[in-house]
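What follows is a short report on a single structure.
The values are calculated or read from the model by the stated rules, or taken from the named source; none is laboratory data. Here the structure is a predicted model, which means the values were calculated and not measured. Note that each Cβ is placed from the backbone with ideal geometry, even for glycine, and that neighbours are counted across all protein chains shown. The area values use the complete protein model at the heavy-atom level, side chains included, leaving out ligands, DNA and RNA. Shrake-Rupley method; radii C 1.70, N 1.55, O 1.52, S 1.80 Å.
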Amino acid sequence: MGVERRKYVRFLAQDNTFAALRIGFKKVGKIDDISINGLAFSYLSETVGAGSDRHLTQVDIFTSGNNFHLSNVSCKIVYDIQDSTSRKYIDLMTCRCGLKFNEPTKSQSEQLELFIKNYTTEILSS
């Protein structure tokens, strides 16, 4: 087992939690895990990382049922890769995108803490 190098504890997200990159909202998917410093989400795509360099962007974090919505959190794409554990569906594959939050506002930080408290299930083990 590898040594966890992350500074912030990551939490597994509930099934009804989603992230949407504001790059034309072309990448929307289920949040896999989240910390106060970033998140990872899975989405379906025809190509891996189409048009996504490691640049600054914004992400919306929300739940189904309109219980929570946090908009325009500045972030950087850390990775955008094909999920090697998934199967390809016809012309679609599951991809995984990792984001690092880029200095969220005080209000956004408070909402992220609220999200972690109310919409995660457990600590992600390394």
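Quick check on this structure: which one of ASP91, ASP83 is open to solvent by less than 40 Å² (accessible area, probe 1.4 Å), farther than 26 Å from LYS117 by Cα and either modelled with pLDDT under 90 or not charged (D, E, K, R) (or both)?
Details: ASP91 fails: open to solvent by less than 40 Å² (accessible area, probe 1.4 Å).
Exactly one residue qualifies, and that residue is ASP83.
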Residue count, segment 78-121, condition assigned to a strand (DSSP E or B), of a type in the set (Val, Ile, Thr) and under 17 Å from PHE18 (Cβ atoms), comes to 3
Those residues that are open to solvent by 70 Å² or more (accessible area, probe 1.4 Å) and among the hydroxyl-bearing types (Ser, Thr, Tyr), I need them from segment 108-125; list them, please. THR121, SER125
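Among the residues of segment 48-58, is any polar (S, T, N, Q), at pLDDT below 95 and within 13 Å of the chain's Cα centre (by Cα)?
As a first pass, look at segment 48-58 and keep what is polar (S, T, N, Q): 52, 57-58.
Imposing the further condition that a residue be at pLDDT below 95 reduces the set to 52, 57.
Adding the requirement that they be within 13 Å of the chain's Cα centre (by Cα) leaves 57.
Yes.
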